[in-house]
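Please treat every number below as a calculation from the coordinates, not as lab data. Here the structure is a predicted model, which means the values were calculated and not measured. Positions of Cβ are backbone-derived with ideal geometry, glycine not excepted, and every protein chain shown enters the neighbour counts.
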Amino acid sequence: MISDNLDKIYEKLANKDQLVVVSKYRSVEEILEAHNSGHRVFGENRVQALLERRSALPEDIKWHMIGHLQRNKVKQIAPFVEMIHSVESERLMKEINKEALKNDRIIPILLQVHIADEETKFGLSEDELSHLLEGEVFSQCENIRICGLMGMATNTSDKAKVKSEFNSLKTLFDKLKDKYFAGDNSFSELSMGMSGDYEDALDCGSTLIRVGSLVFNDH
Ligand SMILES: *Cc1c(COP(=O)(O)O)cnc(C)c1O
């Protein structure tokens, strides 16, 4: 049962909204079941799917964009998106800022950091992050709020490796917070952990977990 799966995860959290239920590939009925059991925060990795689900589901859902985002699609989600986890370039940041301004809102974003061993995972390096946070674009983007970092660990059964990647992301988070966001309480979120590794991620300081299969599958 979806509600039992949710309850097991909630037990590990201070607050239900720390769980972004990843609804990609799930039917509207399945998502509604999670909604009916009281969950409100959902994430999608594709704009098209996000828009389709949003129009078919209750309006009180807070939608997070967690996947790679193309600049030309930002305008479609800018009016309502709760948070964008996957920001990894200045150009994307600028585009989000532009669309946020048009919609007269401030969009919360996370900067995606490359922590895995795999070439295929997106994200910024530490040098690129510093460059971005010291750059003009960042200082000019008044309609985005940088709320923290997001990362995806290597897809491996080697738990020690995954934990060390989470730990290094937490260390980087603390370092950037001190250096660029001291006194700015909005830089407070660390989005890391999925079905297979969310408990380790929480141990390492995650504040937002993105969990799909563990919520929807029968165990
Ligand atoms: C699919 C996905 C998840 C959730 O994966 P599960 O293993 O099903 O929990 C988390 N984050 C991102 C970016 C994803 O694309």
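Quickly work out the Y25-to-K75 label distance, labels modelled 7 Å from Cα along the C-beta direction, and quote it in nm with one decimal.
Output for this residue pair reads 3.3 nm.
Bins of 10 Å, beginning at zero and ending with the bin holding the largest distance: percent of Cα pairs per bin for the chain, please.
Per 10 Å bin, starting at 0, the Cα pair percentages come out as 8, 34, 37, 18, 2.
Using helices alone, what [θ] at 222 nm do you get for the chain, with -39,500 (n - 2.57) per DSSP H run of 4 or more residues, divided over all residues and rounded to the nearest 500?
Result for the chain: -12000 deg cm²/dmol, rounded to the nearest 500.
Set the Förster radius R0 to 22 Å, insert the Cβ-Cβ distance between E52 and R105 as r into 1/(1 + (r/R0)^6), and round the FRET efficiency to 0.05.
For E52 and R105, the calculated efficiency is 0.45.
Bin width 5 Å, alpha-carbon pairs only: give the P(r) of region 91-201 as whole percents, running from 0 to the bin holding the largest distance.
The percentages, shortest bin first, are 2, 12, 21, 22, 18, 13, 8, 3, 1, 0.
Using the Cα centre of region 1-146 as the reference point, and only Cβ charges (+1 on K/R, -1 on D/E), how large is the resulting charge dipole? Debye, rounded to the nearest 20.
It works out to roughly 540 debye.
Largest first and in whole Å, what are the equivalent-ellipsoid semi-axes of region 1-42 based on the Cα gyration tensor, each being the root of 5 times an eigenvalue?
Semi-axes from the Cα gyration tensor: 17, 11, 8 Å.
Assuming 0.36 nm per residue, please report the length gained on full extension of the stretch F122 to D184 beyond their Cα-Cα distance.
Between F122 and D184, full extension yields an extra 19.7 nm.
Hey, what D do you get for region 1-130 in µm²/s if you plug the Kirkwood alpha-carbon radius into Stokes-Einstein at 25 °C and 0.890 mPa s?
So the translational diffusion coefficient is about 155 µm²/s.
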